[in-house]
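K.L.:
Sending over a structure as structure tokens; questions will come in a sec.
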Amino acid sequence: MKDVAIQFFNGVDEKVIPEIRLTKSKDGQAGQAFFRFNSPDALLSDNFKEIQGMYLIDEEGKITTREINIAVSKKNGKYTAIEAIYCWRSQRDFNRFMRFANRYAKQNGLAYEANNDK
């Protein structure tokens, strides 16, 4: 199996594991995955301000999102995190994302828990 990776720069895997939260619409057809990388390696790059997107890569190919926010610490003005949002608008896109997420979790020894709070 090919490696499963998240990248901000083409060919450079992000080593920091993000916190990921999912939300879905009531009909389940649309939703979002919110990613937060605390102190990611990508921020150590001299050209981190040129980040154009986040790329989720696995054996099926690449999922791309352009919704990126670089968080700044209010205390010292340093860049501290990258936040990204991947949106899906169909069950097919959600299923594709979940196949990536399951591969990524397995490769990195992660587990997830459902939060059914209303």
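The values are calculated or read from the model by the stated rules, or taken from the named source; none is laboratory data. In this text, all values refer to a predicted model and were calculated from it rather than measured experimentally. Quick reminder, even Gly has a Cβ in these numbers, built from the backbone with ideal geometry, and neighbours come from all protein chains shown. All accessible areas refer to the heavy atoms of the entire protein, side chains included, with ligands and DNA or RNA removed. Shrake-Rupley method; radii C 1.70, N 1.55, O 1.52, S 1.80 Å.
K.L.:
Checking the cross-link filter: which aspartates and glutamates have an alpha carbon closer than 17 Å to that of Lys26, excluding same-chain neighbours under 8 positions apart?
P.N.:
Leaving aside aspartates and glutamates fewer than 8 places away in the same chain, those within reach of Lys26 are Asp93, Asp117.
K.L.:
Could you check the simple spin-label distance between Arg99 and Ser39, using points 7 Å along Cα→Cβ, in nm with one decimal?
P.N.:
3.6
K.L.:
Which residue fluctuates the most in the chain, going by a Gaussian network model with Cα springs under 10 Å, if the choices are Asn95, Asn76, Asn38?
P.N.:
Among Asn95, Asn76, Asn38, the largest mean-square fluctuation in the Gaussian network model of the chain belongs to Asn76.
K.L.:
With a probe of 1.4 Å, find how much accessible area the chain has per residue, and write the answer as a whole number in Å².
P.N.:
Details: 8000 Å² over 118 residues.
That works out to 68 Å² for each residue.
K.L.:
How large is the translational diffusion coefficient of the chain in µm² per second when you combine the Kirkwood radius over alpha carbon pairs with Stokes-Einstein at 25 °C and 0.890 mPa s?
P.N.:
My calculation gives 162 µm²/s for D.
K.L.:
Roughly speaking, to the nearest percent, how much of the chain's 1.4 Å accessible area is carbon and sulfur? Intermediate values should be presented prior to the final figure.
P.N.:
Values: 3700 of 8000 Å².
Solvent-exposed carbon and sulfur of the chain make up 46 percent of the total.
K.L.:
Putting +1 on Lys and Arg Cβ atoms and -1 on Asp and Glu Cβ atoms, find which of Ile17, Ser73, Ser39 reaches farthest to the positive end of the dipole of the chain.
P.N.:
Checked the options; the winner is Ser73.
K.L.:
Mind checking the angle between helix 91-107 and the chain's longest principal axis? C-alpha axes, 0 to 90 degrees, to the nearest 10.
P.N.:
Its long axis makes an angle of about 60 degrees.
K.L.:
Still on this structure, please answer the following. How far is it, in nm, from the label point at Lys62 to the one at Asp27 when both lie 7 Å from their Cα along the line to the Cβ?
P.N.:
3.2
K.L.:
Separate question: Might you report the magnitude of the Cβ-based charge dipole of the chain about its Cα centre, with Lys and Arg at +1 and Asp and Glu at -1, to the nearest 20 debye?
P.N.:
Working: 19 positive and 16 negative charges, 74 e Å.
Rounded to the nearest 20 debye, it is 360 debye.
K.L.:
Can you list the aspartates and glutamates whose alpha carbon sits under 18 Å from that of Lys15, skipping same-chain ones fewer than 8 residues off?
P.N.:
Within reach: Asp3, Asp41, Asp46, Asp58, Glu83.
K.L.:
Let me ask another. For the charge dipole of the chain, defined by +1 on Lys and Arg C-beta atoms and -1 on Asp and Glu C-beta atoms about the Cα centroid, which residue among Ile63, Phe100, Ala84 has the Cα displaced farthest towards the positive pole?
P.N.:
Final value for the positive-end residue is Ala84.
K.L.:
Okay, moving on. For Thr80, what residues show an amide H to amide H distance below 5 Å, using hydrogens built from the backbone and excluding near sequence neighbours?
P.N.:
Ala71, Val72, Ser73
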